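In what follows, a single structure is set out as structure tokens and then discussed.
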Amino acid sequence: MIDRTGLMVILSSPSGAGKSTLARRLMEWDAGLRFSVSATTRAPRPGEVDGVDYHFTSRAGFEQMVADGQMLEHAEVFGNLYGSPRGPVEQAMLAGRDTLFDVDWQGGQQIRASALGRHVVSIFVLPPSLPELERRLRGRGQDSDAVIAGRMEKSRSEISHWAEYDYVLVNDDLDETEARMRAILTAERLRRDRQSGLGGFVRALMAEEA
């Protein structure tokens, strides 16, 4: 097998479009695909494990990583900082392993603009319709009418950034959408410029005697 450089796979969608389910299915399909473990300044919750659920760090430590260019993306949410450390992702890429990012359009912009941005494959997942999206959100039975209304308003903002992504999939059938995602990853992994060992293989091939 020819060596290749790992990918950074960005998945974005409005809440309720099926992104989390599709991400789980992709990782079940390919055990080598792993989520990027985010860093955060918030305190661990009961049962959370450092390095597994999050990389827990101080605000000073987090801000120093940002200053040193060691965060691929970061944001402040309700007074706590969250971000994607560059080091583990870079190590995975050099080993030919792909990393999955579950981020919004703002996080996706930052990752694409980072030093590793040329290795990004970005996929945006759309719902088949806004009424169907609302039906899915209500079907969870977790949120009040006011929260759902807020999620629907945020969804419109998220969807407006669809054209910034490499691929856009309408999730009207979960199995079909998963199959399309698999096809995207398979094709992207086979791109000539991602196969780091291809040049050496071809040189050895040309040196062979018939």
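Testing D50 on (1) in contact with a strand residue (DSSP E or B) (Cβ under 6 Å, 6 or more places away or on another chain); (2) within 16 Å of I10 (Cβ to Cβ), one condition comes back false. Which one is that?
Every condition holds for D50 apart from (2).
Search the stretch 141-170 for residues being hydroxyl-bearing (S, T, Y) and in a helix (DSSP H, G or I), and hand back the single one that is surrounded by the fewest Cβ atoms within 10 Å (Cβ to Cβ).
S157
Can you tell me which residue within the stretch 36-55, out of those that are of a type in the set (A, V, I, L, M, F, W, C) and under 20 Å from E76 (Cα atoms), is surrounded by the most Cβ atoms within 10 Å (Cβ to Cβ)?
In the first step, residues of the stretch 36-55 are kept if they are of a type in the set (A, V, I, L, M, F, W, C); the result is 37, 39, 43, 49, 52.
Now restrict to residues that are under 20 Å from E76 (Cα atoms): 37, 39, 43.
On the way: V37: 17, A39: 22, A43: 8.
My answer is A39.
Considering only the stretch 174-183, I want to know if a residue exists there that is surrounded by fewer than 15 Cβ atoms within 10 Å (Cβ to Cβ) and in contact with a Ser or Thr (Cβ under 8 Å, 6 or more places away or on another chain).
Among the residues of the stretch 174-183, at least one is surrounded by fewer than 15 Cβ atoms within 10 Å (Cβ to Cβ) and in contact with a Ser or Thr (Cβ under 8 Å, 6 or more places away or on another chain), which makes the answer yes.
Take the conditions surrounded by 13 or more Cβ atoms within 10 Å (Cβ to Cβ) and either under 28 Å from I2 (Cα atoms) or not basic (K, R) (or both) and apply them to P127. Does it pass? Let's see the steps before the verdict.
Numbers: surrounded by 13 or more Cβ atoms within 10 Å (Cβ to Cβ): yes; either under 28 Å from I2 (Cα atoms) or not basic (K, R) (or both): yes.
In short, yes.
Do you know which of the residues in the stretch 184-195 that are of a type in the set (K, R) and surrounded by 12 or more Cβ atoms within 10 Å (Cβ to Cβ) is nearest to W29 (Cα to Cα)?
Step one: of the stretch 184-195, the residues of a type in the set (K, R) are 189, 191-192, 194.
Within this subset, residues satisfying the condition of being surrounded by 12 or more Cβ atoms within 10 Å (Cβ to Cβ) are 189, 191, 194.
Working: R189: 15, R191: 20, R194: 21 Å.
Out of the qualifying residues, it is R189.
One residue is enough: does the stretch 24-41 have a residue meeting the conditions farther than 26 Å from Y167 by Cα, touching a Phe, Trp or Tyr at 6+ places or on another chain (Cβ under 8 Å), modelled with pLDDT of 95 or more and in a loop (DSSP other than H, G, I, E, B)?
Yes, that holds for at least one residue.
If a residue has to be touching a residue at least 24 places away in the same chain (Cβ under 8 Å) and either hydrophobic (A, V, I, L, M, F, W, C) or more than 30 Å from G199 (Cα to Cα) (or both) to count, how many in the stretch 2-47 make the cut? Lay out the reasoning, then the answer.
Within the stretch 2-47, the subset touching a residue at least 24 places away in the same chain (Cβ under 8 Å) is 2-23, 25-27, 29-30, 32-42.
Okay, now just the ones that are also either hydrophobic (A, V, I, L, M, F, W, C) or more than 30 Å from G199 (Cα to Cα) (or both), so 2, 7-23, 25-27, 29, 33, 35, 37-42.
Qualifying residue count, the stretch 2-47: 30.
The values are calculated or read from the model by the stated rules, or taken from the named source; none is laboratory data. This one's a predicted model, so the numbers in the text were calculated from it and none came from an experiment. All Cβ positions, even for glycine, are placed from backbone atoms using ideal geometry, and neighbour counts span all protein chains on display.
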